[in-house]
Amino acid sequence: MSDGTIIRISGPVIYARGLADAGLYDVVKVGSAGLIGEIIKLKGDEATIQIYEDNTLMRVGEPVECLHRPLSVALGPGLIGSIYDGIQRPLPVLKGLSGAFLAPGLAGEPLDTQKKWHFVPSLKVGDAIGPGTVFGTVKETDSIQHRLVFDASVPPSSATYVAPEGDYPIAAPLIKSAEGHVYTSVSYWPVRSARSFKEKQVTREPLVTGLRVIDVLFPIAKGGSAAVPGGFGTGKTMTQHAIAKWCDADIIVYIGCGERGNEMTEVLTEFPTLIDPRTGRSLMERTILIANTSNMPVAAREVSIYTGITIAEYYRDMGYHVAVMADSTSRWAEALRELSGRLEEMPAEEGFPAYLPTRLAEFYERGGMVTTLEGKKGSVTIIGAVSPPGGDFSEPVTQHTKRFIRCFWALDRDLANARHYPAISWNDSYSEYTEDLIPFWDAIDSTWDALRTRTMDILKKERRLADIVRLVGPDALPDEQRLILLTAEMIKNGFLQQSSFDKVDMYCAPPKQTLLLSCILTFHELAENAIKSGTPLPKISALPIREKIVRLKSSLENENVQEGQAVIQEIRAAFSQLGAPAQGAVSA
Amino acid sequence: MRGLEYHGISRADGPIIIAEHMENMGFSELVRVRDRTGEYRLGRVVDISEQAVAVQLFSENTGISIDDSWIEYLEKPLTFRVGDAIVGRIFNGLGEPIDGFPAIMSSDLRDINGRPINPSARIYPRDFIQTGISAIDGMNTLIRGQKLPIFSGNGLPHNRLAAQIVRQAKVLSGETQFAIVFAGMGIKYDVARFFIDSFEKSGVLSRVVMFLSLADSPSIERLVTPRTALTAAEYLAYEKNMHVLVVMTDMTNYCEALREVSAARNEVPSRKGYPGYLYSDLASLYERAGKIEGCEGSITQLPILSMPNDDISHPIPDLTGYITEGQIVLERDLSQRGIYPPIAGLPSLSRLMKDGIGEGMTRDDHRDLAAQLFSAYAYVRSVRDLAAIIGEEELSERDKIFLNFGERFEHEFLAQGEFENRSIEQTLDLGWKMLAILPESELVRIPPALIEKYLPRDPKTDNSSISQTSPAGAPVGEPPTATSTASSAVPAPAPKEQ
């Protein structure tokens, strides 16, 4: 162990001497309080260290101890349902140590060391072991089977001891190799390196989120990456919460990076009470929270993103589909900027360091659909919130993020002001996954692509017409075009807008999504015909069925989609009746 | 070391002084500098190396000299002395009493920087606070433990609004002890006086802790003022189990002081010259609001900031909005049309509203009613834009109805008297009266059952009662008597059904 001493303190960045044998990004314990830090620069025997905790009253001359290993996370059974800070300290344990306020210098075991897990071995003595070998399983929750897989750091060998089936704490030796290595159910992985896999795959399977505007208009694939940019109050966090609640991933890693404390509390209080529609279990049983709120130390905020994604990769390697919510990547970028400023580095755009795009690329590229070392299919989907200053998407973080994601859900201030949530703008958003996903959807519902195209078309036309209306008023338009405005209004109110408070509407299963669209588009089609045959528009817009279609999203339950077919019949009936009296009126 | 003074400094540059002597001081330690006249100033260690130490002074730097300065290191961060006796007192930004009464007798010293609340120890805020202001209660509900800033501009009535909230705020489910902490940063004496008078008139002055760093105090002191104030608030809330309402004004002055110090330290600036850590720094203040486990009390923050040039995308309101749980935005246009409070309908937002309203808390129709009002008012805005181009005459019948709705919504719902205290039922019923102007088929955000239950069916009979609350007439609200304003301490009657 080499011991250094502090020679300079400048906020969360300190300089120490006597650490010549330390490695870059090694973990250090700084000062007499033993605060956790990380070496970020070496020059001669002088090291620059960023500290993850508050260092008030730290003095020059205090010792620095290098642990000679990079910052790593503990991976094993017990992660699910936990809430950690940015460097994987369990917050409930810290609460026991220092009360409601976080004191510096605390340490807590990330995984419960007392709890016994039921281990079922899948190896025999003499079997070969190596990266990708499954050596056993543990039932972590009722819906998550925790597969213990050797990671890429394990040298190929053979097992000389395999623990029999039984209940073990996490530190118990389960496997011994011929070289004498002992393996438990816990492994460690450095957070800044991506975990290994066999190969990346092209992803053709959607991550169904239950949010109509996403699933139909701007779908995301499992293993894809998306950005949710939006000014304050446009609903970034609400969108992320909604996806975390209802998307069809097996595991959710929610990273609260530099955001509000109450938002994390909201997840903590709300998720345990919500039931996952797929497993029938509480949502907390598939969720892991990383909470490094805006008032917690800024260096730990920088690393929290990596802690979260490493945990996500760990479950991916068991063959699960994991979704990572990073809220917000802008705060992470700001942490980079702050630390870069302390290091007196030459700034690039708006004070951000020049390596910002590289870091963003590295982060988003850790997502993807892969063949794991074991040969299974697993994925990490990354959904990152971006908080552009002033809601201006031309700022560096949004612009660089756009280069590395393929799905862009732009949140719109005007929609949010009208309380149209999710405020995902249909004009500025895009998804490059749409083409890849068409075959998947067509296999389920052959009309999907057609409905989608038609909807986008109407919205696009409406946008053009809205410009005209703004100049001359709607009365100047012919009925065909005013019908476009009417239908677009129905699409907005009856389809795109979705209430996360309405029990029925909060989650919309794909069959219902297409049904709602069919209803609206059937209405549109029939109305078009009616106008052609001379029915005036006000008569059409006065049809009571129109309001019924708009309300269908919250009156029709996901399970009863079949009943929706009756609504389509009703629409047809309404229009055929409309035709009859209209002609009658003319003759009279 | 305490009691030991070092003689001489090597550099004085704005609020930063550099000294070169070997004392083993700690980072962020409090420093006392004695100048040639024998006067003491406080400062904080901001950077230390083996050779030198940088100290940031909290006060005026005039007269600091290289040779005739003595530095003493006090071996503690800046602290505030807390105790029961702080309630009813007035302090300066550093926490020293300035009301002419003796110092606080207590040995309980608190680091003013506080410590971050463990997110898992927070309790999600849900208690509805009735402010008696329709635009807030109905549309942007304030919740106990929330941080809800007022985004204002110069010349807008933010102070009157804040005073009205302080005067009228009460919780429907009964009440325990409460206190008000007021932090004035860089404000003028008149503003401070206005608040003192207002507290006095409403009979709460004995429950107020004031921290004043007026416009003539050194700007650096403003950096400390909110922290001292929040330390007092945390003590009262989490140890004395009080419900504390913290009014901080003006956050813009705080941020200016931060920029000043940052520039003096030659830091790399980000937007508009503000330091890159402005977000983290503001968060370290705003995040000190909330409720924690095992404790009755709460801290509700009501920061006031004036948007430079009414620009909401300026870094100060922008970053504030990213941290706080919503914002109350005051609009110059409304104010110029004589509407008080000029709370802008659309950009205002309360993020905690969704969980603090509804059946059992306010009323079952609250959420849908608010959503419908927002949506209709948003449409009014687009109709007005259109009317500005093609003229009102050319509008369709539907749009004309909306235009009428917009006018009346602003004059009857948003507007109210400065001393008018509307109950939440009154506010919601008024909202329904507004919606009754619109055709029922436009109310798509409200479930039919609620429309059935609450929508007044005959708008004609309602007109008379609406005009009563119109601000055009004489002020309708009660005068600021003791009964109406001792307010927060009085248990409120249970919400009554109409």
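Every read-out reported here was derived from the displayed coordinates using simple, explicitly stated rules and does not represent laboratory data. Predicted model, so just to flag it, every value in this text is computed and none were measured. Virtual Cβ from ideal backbone geometry, glycine too; neighbours counted across all protein chains shown.
With all pairs of different alpha carbon atoms counted, what Kirkwood hydrodynamic radius in Å does segment A:251-305 show? Please list the in-between numbers first.
On the way: mean 1/r = 0.0843 Å⁻¹.
After inverting the mean inverse Cα-Cα distance, the result is 11.9 Å.
Could you compute how fast segment B:31-95 diffuses translationally, taking Rh as the Kirkwood radius over C-alpha pairs and applying Stokes-Einstein at 4 °C with viscosity 1.567 mPa s? Give it in µm² per second. Don't jump to the answer; show the numbers that get you there.
Working: Rh = 13.7 Å.
Value of D from the Cα-based Kirkwood radius: 95 µm²/s.
Per-residue Cβ counts within 10 Å, from other chains only, averaged over B:366-378: what number is that? Each step should come with its number before you reach the end.
Working: counts 0, 3, 3, 0, 1, 7, 1, 1, 5, 6, 1, 3, 7.
That average works out to 3.
Debye calculation, C-alpha points only, no solvent: report log10 I(q)/I(0) for segment A:186-238 at q = 0.13, 0.14, 0.20, 0.21 Å⁻¹, in the same order as the q values.
Debye curve over Cα of segment A:186-238, log10 I(q)/I(0) at q = 0.13, 0.14, 0.20, 0.21 Å⁻¹: -0.56, -0.63, -0.90, -0.93.
In this model, which of A:LYS200/A:LYS460; A:LYS222/B:LYS147; B:LYS170/B:LYS354; A:LYS548/B:LYS433 are farther than 27 Å apart at the alpha-carbon? All intermediate terms of the calculation are to be shown ahead of the outcome.
On the way: A:LYS200/A:LYS460 36 Å; A:LYS222/B:LYS147 37 Å; B:LYS170/B:LYS354 19 Å; A:LYS548/B:LYS433 24 Å.
A:LYS200/A:LYS460; A:LYS222/B:LYS147, as the Cα separations exceed 27 Å there.
Once the Cα gyration tensor of segment B:262-416 is diagonalised, what are the square roots of 5 times its eigenvalues, in whole Å and ordered largest first, as equivalent ellipsoid semi-axes?
Numbers: eigenvalues 245, 122, 29 Å².
Working through the eigenvalues yields semi-axes of 35, 25, 12 Å.
Between A:ALA476 and A:LYS139, what is the spin-label point distance in nm, taking each point 7 Å from the Cα along the Cα→C-beta axis?
7.1 nm
Which ³J(HN,Hα) values in Hz, rounded to whole numbers, follow from the phi angles of segment A:393-403 under the Karplus curve 6.51 cos²θ - 1.76 cosθ + 1.60, where θ = phi - 60° and Gly and Pro get x?
6, 8, 7, x, 5, 5, 4, 5, 4, 4, 6
What residues have an amide H closer than 5 Å to that of B:MET242, excluding those fewer than 5 places away on the same chain, when H is modeled at 1.01 Å from N in the peptide plane?
Those qualifying (amide H under 5 Å, at least 5 residues apart or on another chain) are B:ALA237, B:GLY297, B:SER298.
Might you report the magnitude of the Cβ-based charge dipole of chain A about its Cα centre, with Lys and Arg at +1 and Asp and Glu at -1, to the nearest 20 debye? Mind dumping the intermediate values first?
Values: 60 positive and 71 negative charges, 110 e Å.
The dipole magnitude comes to about 540 debye.
Hey, with R₀ at 56 Å, roughly what FRET efficiency would A:GLU570 and A:ALA361 work out to, going by the Cβ-Cβ distance, to 0.05?
On the way: r = 52 Å, r/R0 = 0.93.
Taking R0 as 56 Å, the efficiency between A:GLU570 and A:ALA361 is 0.60.
Kindly provide the pair-distance distribution of segment A:112-185 built from C-alpha pairs, with 10 Å bins from 0 and whole-percent values in order of increasing distance.
That works out to 21, 55, 23, 1, in percent per bin.
If you average over every viewing direction, what projected area does the convex hull of the Cα atoms of segment A:3-70 give, in nm²? Can you show the working numbers first?
On the way: hull surface 14.2 nm².
Taking a quarter of the hull surface, the average projection is 3.6 nm².
Using just the Cα positions, wrap segment B:1-72 in a convex hull and report its mean projected area in square nanometres, one decimal place. Each step should come with its number before you reach the end.
Details: hull surface 16.1 nm².
Mean orientational projected area (segment B:1-72, Cα hull): 4.0 nm².
Suppose we look only past 44 Å in the calculated P(r) of chain A. What percent of the Cα-Cα pairs does that tail hold?
Numbers: 47867 of 172578 pairs.
Considering chain A, 28 percent of its Cα-Cα pairs are separated by more than 44 Å.
Given H placed 1.01 Å from N in the peptide plane, which residues other than close sequence neighbours of B:VAL181 have an amide H under 5 Å from its amide H?
B:VAL209, B:LEU245, B:VAL246, B:VAL247
Among the lysines, which fall within straight-line cross-link reach of A:LYS41, defined as a Cα-Cα distance under 18 Å, with same-chain neighbours fewer than 8 residues apart omitted?
Cross-link targets: A:LYS29.
Using a ≥ b ≥ c from the Cα gyration tensor of segment B:302-360 (square roots of the eigenvalues), is it rounded, prolate or oblate, where a/c under 1.5 gives rounded and otherwise the larger of a/b and b/c decides, a/b for prolate? Intermediate values should be presented prior to the final figure.
Numbers: a/c = 2.83, a/b = 1.27, b/c = 2.24.
Judged from the Cα gyration tensor, segment B:302-360 comes out oblate (a/c at least 1.5, b/c at or above a/b).
Could you put A:TRP332, B:TRP432 in order, starting from the residue whose Cβ has the fewest other Cβ atoms within 10 Å? Could the numbers behind the result be given before it?
Numbers: A:TRP332 27, B:TRP432 20.
Ordered by Cβ neighbours within 10 Å, fewest first: B:TRP432, A:TRP332.
Binned at 20 Å from 0, what are the whole-percent values of the Cα-Cα distance distribution for chain B, short to long?
For chain B, the pair-distance distribution reads 22, 50, 22, 6, 0.
By per-residue mean of other Cβ atoms within 10 Å, what is the highest-first order of A:42-52, B:275-285?
Working: A:42-52: 19.3, B:275-285: 24.2.
The most tightly packed comes first, giving B:275-285, A:42-52.
Beyond 22 Å, what percent of the Cα pairs of segment B:29-145 remain?
Working: 3992 of 6786 pairs.
In whole percent, the long-distance tail amounts to 59.
Starting at the first residue of segment A:215-220, write each ³J(HN,Hα) from the Karplus equation 6.51 cos²θ - 1.76 cosθ + 1.60 with θ = phi - 60°, in whole Hz, x for Gly and Pro.
For segment A:215-220, the Karplus-derived couplings read 4, 8, 8, 10, x, 10 Hz, x marking Gly and Pro.
May I ask for the percentage of alpha-carbon pairs in segment B:80-356 that lie more than 29 Å from each other?
Working: 10261 of 38226 pairs.
The answer is 27 percent, as a whole percent.
What is the mean number of Cβ atoms from other protein chains located within 10 Å of the Cβ atom of each residue in peptide B:280-290, rounded to a whole number?
Numbers: counts 11, 3, 2, 10, 4, 1, 4, 8, 2, 3, 5.
Taking the mean over all residues of the peptide, I get 5.
In degrees, nearest 10, range 0 to 90: what is the angle between the Cα axis of helix A:510-532 and the longest Cα principal axis of chain A?
Helix A:510-532 sits roughly 30 degrees off the main axis of chain A.
Can you give the Rg to Rh ratio of segment A:448-587, both from alpha-carbon atoms, with Rh computed by the Kirkwood formula? Walk me through the intermediate numbers first.
Values: Rg = 15.6 Å, Rh = 15.8 Å.
Ratio of gyration radius to Kirkwood radius: 0.99.
Using helices alone, what [θ] at 222 nm do you get for the protein assembly as shown, with -39,500 (n - 2.57) per DSSP H run of 4 or more residues, divided over all residues and rounded to the nearest 500?
Details: 30 runs with 354 residues, N = 1086.
So the calculated ellipticity at 222 nm is -10000 deg cm²/dmol.
When 1/r is averaged over all different Cα pairs and the result inverted, which Kirkwood radius in Å belongs to segment A:291-337? Walk me through the numbers on the way to the answer.
Working: mean 1/r = 0.0879 Å⁻¹.
After inverting the mean inverse Cα-Cα distance, the result is 11.4 Å.
Taking beta carbons within 10 Å but only from partner chains, what does the mean come to for residues A:339-348? Spell out each step's value before the answer.
Numbers: counts 2, 2, 8, 5, 0, 3, 1, 1, 4, 0.
Mean partner-chain Cβ count within 10 Å for A:339-348: 3.
When the Debye formula is applied to the Cα atoms of segment B:360-429, each taken as the same point scatterer, what base-10 log of I(q)/I(0) results at q = 0.23 Å⁻¹?
-1.02
First measure r as the distance between the Cβ atoms of A:GLU432 and B:ILE389, then evaluate 1/(1 + (r/R0)^6) with R0 = 35 Å and state the FRET efficiency to the nearest 0.05.
The computed FRET efficiency comes out at 0.40.
So what is Rg over Rh here for the protein assembly as shown, counting just Cα atoms and using Kirkwood for Rh?
On the way: Rg = 31.0 Å, Rh = 31.4 Å.
So for the protein assembly as shown, dividing Rg by the Kirkwood Rh gives 0.99.
Would you order B:ARG144, A:ARG342, A:ARG470, B:ARG2 from fewest to most other beta-carbon atoms within 10 Å of each residue's own beta-carbon?
On the way: B:ARG144 25, A:ARG342 22, A:ARG470 14, B:ARG2 9.
Going from least to most buried by this count: B:ARG2, A:ARG470, A:ARG342, B:ARG144.
Take the Cα gyration tensor of segment B:287-333, multiply each eigenvalue by 5, square-root it, and list the three semi-axes largest first, rounded to whole angstrom.
Values: eigenvalues 154, 24, 10 Å².
Over the Cα atoms of segment B:287-333, the ellipsoid semi-axes are 28, 11, 7 Å.
Give me a comma-separated list of calculated 3J(HN,Hα) values for segment A:478-494, in order, Karplus coefficients 6.51, -1.76, 1.60 applied at θ = phi - 60°, integers in Hz, x for any Gly or Pro.
x, 4, 4, 6, 5, 5, 4, 4, 5, 5, 4, 4, 5, 5, 5, 7, x
Can you sort B:PHE80, A:PHE197 by how many other beta carbons sit within 10 Å, fewest first? Before the final figure, lay out the partial values.
Values: B:PHE80 24, A:PHE197 21.
Ascending number of Cβ neighbours within 10 Å: A:PHE197, B:PHE80.
How big is D for segment A:232-429, in µm² s⁻¹ as a whole number, if Stokes-Einstein is applied with the Kirkwood radius of its Cα pairs at 4 °C and 1.567 mPa s?
On the way: Rh = 17.5 Å.
It comes out at roughly 74 µm²/s.
Could you please tell me the mean projected area of the C-alpha convex hull for segment B:156-208, averaged over all directions and given in square nanometres to one decimal?
4.2 nm²
So what does the Cα-only Debye profile of segment B:399-455 read at q = 0.18, 0.26, 0.28 Å⁻¹, as log10 I(q)/I(0), no solvent term?
Values returned for q = 0.18, 0.26, 0.28 Å⁻¹ are -0.67, -1.11, -1.19.
For B:ILE123, what residues show an amide H to amide H distance below 5 Å, using hydrogens built from the backbone and excluding near sequence neighbours?
Counting only residues 5 or more places away or on other chains, the set is B:LYS291, B:ILE292, B:GLU293.
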